[in-house]
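Below is one structure; the comments refer to it alone.
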Amino acid sequence: MFSDSIYYAVICIMIVLACIVFFALQKITPGYGVTYDKKWGPAINNRLGWVLMEAPVFIAMLLMWIFAPADRRCNPAICVMTSLFLLHYFQRSFIFPLLIKGKSKMPLSIILSGVTFNLLNAYMIGGWFFYLNPAPFDYTPSWLYSPLFILGTVIFFVGMGINLHSDHIIRSLRKPGDTGHYIPKGGMFRFVTSANYLGELTEWVGFAILTWSLPGLVFAIWTFANLGPRARATHKRYLEKFGDDYSSLHRRYIIPFIY
């Protein structure tokens, strides 16, 4: 399961798929959230959908950690980096869904695709940490004091802060019982349409740096390939709904001043 040949084949496939997904999503808009569409098939409650979509990666990574060889399972650097990964997914799996307002739905097709993507990421990251990272990238305790780890960790938490703050802004747009759509303002929404996605992208760029690993890089690329087009679709939806009131804000999609 974690042989070099299988592992790196999965890495290569994920890189190719990221490119395909990025360009495909320029034409296809996933039907959930602000772009929910019944055409995506049967749907369930949004809160439950988020739990079902995000929890498997948390569980899979935790199990890989528990059953990993002792020398890696107890490695201080790997423990810290795995904890950062699990911290993100604990929040996304068990806290974020409880805070969702409204009665929106999530298609089962979106949930299934999300579970598949998340499990492949767990395989890539967990496989690297617990089974395959080569000697030049062995994570000794001194890695926790390296410039790359410190820089990446700072970026990771900055991204998490942006993500959490942006989600709070979005939730605060509606009063109880309100089902309308409004323009989010404040925080990084001053610069981009999807500040919550900017935060998540920033997190995984930081994670790629603090792990200084190929799977970390692929994860960050995948995050942009998935969220970049979705931010563009959200931007388009806001322009259609709010017109000049939105276009006058001169926001980019997900990366300030760039995209």
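The values are calculated or read from the model by the stated rules, or taken from the named source; none is laboratory data. Fair warning: this is a prediction, and the values are worked out from it, not measured in the lab. Cβ sites come from the backbone with ideal geometry, for glycine too, and all protein chains shown count toward neighbours.
Scan the range 66-76 and tell me whether some residue there is buried (at least 17 other Cβ atoms within 10 Å of the Cβ), part of a helix (DSSP H, G or I), modelled with pLDDT under 95 and of a type in the set (S, T, N, Q). No, because not a single residue in the range 66-76 is buried (at least 17 other Cβ atoms within 10 Å of the Cβ), part of a helix (DSSP H, G or I), modelled with pLDDT under 95 and of a type in the set (S, T, N, Q). For the range 7-43, the candidate set comprises residues that are modelled with pLDDT of 90 or more and either more than 21 Å from the chain's Cα centre (by Cα) or within 30 Å of Leu173 (Cα to Cα) (or both); within that set, the residue that is surrounded by the fewest Cβ atoms within 10 Å (Cβ to Cβ) is Ala9. Do you know which of the residues in the range 35-65 that are assigned to a helix (DSSP H, G or I), out of contact with any helix residue (DSSP H, G or I) (no Cβ under 6 Å at 6 or more places or on another chain) and of a type outside the set (Lys, Arg) is farthest from Arg232 (Cα to Cα)? My answer is Leu63. Within the range 193-242, how many residues turn out to be under 18 Å from Met81 (Cα atoms) and without any contact (Cβ under 8 Å) to a residue 12 or more places away in the chain? Summing the residues that are under 18 Å from Met81 (Cα atoms) and without any contact (Cβ under 8 Å) to a residue 12 or more places away in the chain in the range 193-242 gives 1. Please find, within the range 243-253, the residue that is surrounded by the fewest Cβ atoms within 10 Å (Cβ to Cβ) out of those that are assigned to a helix (DSSP H, G or I) and either among the aliphatic types (A, V, I, L, M) or touching a residue at least 60 places away in the same chain (Cβ under 8 Å) (or both). Step by step, filter the range 243-253, then rank; the result is Asp245.
Does Cys79 satisfy being exposed (fewer than 15 other Cβ atoms within 10 Å of the Cβ) and either part of a helix (DSSP H, G or I) or in contact with a Phe, Trp or Tyr (Cβ under 9 Å, 6 or more places away or on another chain) (or both)? No; evaluated as a whole, the condition is false for this residue.
Of everything listed in (1) touching a residue at least 24 places away in the same chain (Cβ under 8 Å); (2) under 17 Å from the mean Cα position of the chain (by Cα), the single unmet condition for Pro256 is (2).
All conditions in (1) within 28 Å of Pro42 (Cβ to Cβ); (2) touching a helix residue (DSSP H, G or I) at 6+ places or on another chain (Cβ under 9 Å); (3) of a type in the set (S, T, N, Q); (4) modelled with pLDDT of 90 or more hold for Thr116, with the sole exception of (2).
Restricting attention to the range 55-96, the residues being free of Cβ contacts under 8 Å to residues at least 12 places away in the same chain and among the polar types (S, T, N, Q) number 1.
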